[in-house]
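Report on the following structure.
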Amino acid sequence: MTPSLNLGSQHRWLLSLITLLIVLLSLAPSLRLLIEALSDLGQGSQAPLWKVLNAASTWRALWHSVYTSGLGMLIALVLGSLFAFVITLTDMRGKAWLVFCFMLPMMIPPQVTALSWLQLFGPASPLLKSIGMAPPLGSPQPLYSAEGIALLLGIQSAPLVFLALRTSLLSLPRELIEAARISGARQTQVWGHIVLPITRHGLIAGAAMAFISSLGNFGIPAMLGIPAGYYVLPTLIYQRMASFGTGVLAEMAALSLLIGILALAGVALQQHWMNRSRFGLGGHSGRAHDFSLGRYRPLVTALLVGVLLVILVAPLAALVVSSLVPAMGVPLSVESITLNAYHEVIGRQGATWRAVRNSLWLAGGAALVLMLCSLPLAYRLQRLPPRLQQLTLSAIELPYALPGVVLAIACILLFVRPLPLINLALYGTLGLIFVAYLARFLVVCLKPVSASLAQLDPSLEEAAQLAGAGPWRRLITILLPLIAPSLFAGGLLVFLLAVNELTVSALLWSAGNETLGVLIFNLDEGGESVLASAVSVLVVIMVASLMLSLSLLAPRLPKGVVPWQG
């Protein structure tokens, strides 16, 4: 039983007011975008929406988005299901490290992933030149293509398939598998006739998540597609905004609406397929005895390690080598190795420290504010009727479900003019990026706190309530100490996602307000690939360190709070 608040209590109204304010702030950008996109429909073919729908570039970019995201989804399905089935079901050793390494590409910023792969291939690759395998000068860069974009989108979103499928595998009723084994079924029969049909909803959900994630990805299509003139919807919006500024906001709102509808349709289809493929299962969930790999264990282990070497280690090695040479195209040797790129970005370029300071301020500030909001919000949500609770959660999740470029356009529309009454202008300042981060990452911080609150024994709070403690006192002295690890983990996840964010900040930054993600993108776009590689190496070290910190904290957190922990 959940302790109820006194209906006449001021505390209840204050908590409800905070919840309502947060919901309105979450919905406001999307509503403003919708109004702008549908404005002036009375002008017929001159209305922004009709102009966008009649433009050939829109449908071309839409097809590019669907093609690269669909192909990326298939690659993600192959990689994610391979790792999920083998790591979750078998008696393989070293599972924790394999999972950590497999999840790393998802946490590395997309622009860093794209840069590392660009350094791995092509005639100017310092790594290939060092080992004498570089293609001849003038050879085309194979990654500047639709298939190159799809490959990296697939690698980056494969962990989403892994997480969805692994959750389904861990929920299998162990009695069912044990009964099949006792009946004499071979391991391949158990997998083909029991495990695969039951967990197919996890596969479908993972595939849908991979498609939606790829659809909203900006960093990879921007770095691989723009040089080749291959535009998807997010890069088309970026290119138009970079060329024409706020003069085309209405048309960009219409384009954003198109991506938003596509993404939300993907979410709806994911829910639909999951409901259709859901089974009514009996028995206790949990792991049955591992499938024995027997004499194939070294071979299967070598396969997974080999895949990780290709998709993670080789690109990162190319990135490190590129950061240690004086210029692109120079092979790494005892004579050529240098730390000049690091000296340049750390010691001489003011833009680097400014970007670091901006990113730390934005990510740290957003994490702190969201941690402060999440506790009272989760506390109030827990006491709402189920239907109202679901509606409120959906409103809060909306800015995170929409692609980042859609949220960025919505925020520009909402804050392009000074705020009324106080006459405060946010457009062109760090404040606008900060507001966008608050809206986008609220749900990331809220979910661990809600999960932790749901696991607490209600009798603790009931006892405090009977002793006369008010809601705020119970919240601060009883609940806060118990859910502090989840609150901290939520804040750390927000920091991890926000500190390298590019999609939102690419459209909202201005001179002097660049972030780390924008700095890497701009350095590479300006031909400074060696400096971009040096900054990227530092970013990867920071991301890996934060992930290790979360892994160390994982034993004290509810299951599922740290995505790569079982």
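Restriction of the trypsin sites (Lys or Arg not before Pro) in segment 36-103 to DSSP coil positions whose beta-carbon has at most 16 other beta-carbons within 10 angstrom yields R93. Along the positive direction of the dipole of the chain (beta-carbon charges: Lys, Arg +1; Asp, Glu -1; about the Cα centre), which of S45, G148, L196 reaches farthest? So the residue we want is L196. Per-residue packing, averaged as other Cβ atoms within 10 Å, sorts the ranges 231-241, 392-402 into the order 231-241, 392-402, beginning with the highest.
Taking trypsin sites (Lys or Arg not before Pro) across segment 470-564, the ones in a DSSP loop with at most 12 further Cβ atoms lying within 10 angstrom of their Cβ are K559. A 1.4 Å probe run over the chain, with the rest of the protein chains in place, finds 44 Å² accessible per residue.
Considering only the Cα atoms of segment 414-566, their convex hull presents on average a projected area of 12.8 nm². The value for segment 392-434 of Rg(Cα) / (2.2 N^0.38 Å) is 1.31. Per residue, the convex hull spanned by the Cα atoms of segment 364-449 measures out at 118 cubic angstrom.
Which of the peptides 82-90, 126-134, 442-450 is most tightly packed, and how do the rest follow, judged by the mean count of other Cβ atoms within 10 Å per residue? Numbers along the way, then the final one.
Details: 82-90: 21.2, 126-134: 16.7, 442-450: 24.2.
In descending order of packing, they fall as 442-450, 82-90, 126-134.
Between the residues G138, L62, L74, the greatest Cα displacement towards the positive end of the dipole of segment 1-139, with unit charges on the Cβ of Lys, Arg, Asp and Glu, is found for G138.
What aspartates and glutamates sit close enough to K95 to cross-link, taking a C-alpha to C-alpha distance under 20 Å and skipping anything fewer than 8 places away on the same chain? Of all the aspartates and glutamates, those that pass the test against K95 - Cα under 20 Å, at least 8 places apart if same chain - are D290.
Only helices enter this figure: runs of n ≥ 4 DSSP H residues, each worth -39500 (n - 2.57), summed and divided by the residues of the chain, yield -22000 deg cm²/dmol at 222 nm to the nearest 500. For segment 56-211, the Kirkwood estimate of hydrodynamic radius, built from reciprocal distances between every pair of different alpha carbons, is 17.8 Å.
The string of couplings for segment 192-200 from the Karplus curve (6.51, -1.76, 1.60, θ = phi - 60°) is x, 9, 10, 5, 4, x, 6, 9, 5 Hz, one whole number per residue in order, with x for Gly and Pro.
From Cα pairs below 8 angstrom and at least 6 apart in sequence, can you work out the relative contact order of segment 307-371, rounded to a whole percent?
On the way: 26 pairs, mean separation 11.7, N = 65.
Once normalised by length, the contact order is 18 percent.
The orientation-averaged shadow of the Cα convex hull for the chain, equal to a quarter of the hull surface, comes to 30.2 nm². Amide hydrogen proximity for T90: with H placed 1.01 Å from N in the peptide plane, the residues at 5 or more positions away or on another chain lying under 5 Å are F291. Here the 3J(HN,Hα) profile of segment 55-71, calculated from phi with Karplus coefficients 6.51, -1.76 and 1.60 at θ = phi - 60°, is 7, 5, 5, 4, 6, 5, 5, 4, 5, 4, 4, 5, 5, 5, 5, x, 5 Hz, Gly and Pro shown as x. Relative contact order of the chain, taken over Cα pairs closer than 8 Å and 6 or more residues apart, is 22 percent.
When restricted to Cα atoms, segment 1-138 yields an Rg and a Dmax of 26.0, 78 Å, respectively. Just to confirm my numbers, what's the Cα centroid distance between segment 292-309 and segment 53-91 in Å? Between the Cα centres of segment 292-309 and segment 53-91 lies a distance of 25 Å. Remark: segment 94-102, residue by residue, has Karplus-estimated 3J(HN,Hα) of x, 5, 4, 6, 5, 5, 4, 5, 5 Hz, where x stands for each Gly or Pro and the curve is 6.51 cos²θ - 1.76 cosθ + 1.60 at θ = phi - 60°.
The values are calculated or read from the model by the stated rules, or taken from the named source; none is laboratory data. Because the structure is a prediction, the values reported are computed rather than measured. Please note: Cβ atoms are built from the backbone with ideal geometry, for glycine as well, and neighbour counts cover all protein chains shown. SASA here: full protein model, heavy atoms, side chains in, ligands and nucleic acids out. Shrake-Rupley method; radii C 1.70, N 1.55, O 1.52, S 1.80 Å.
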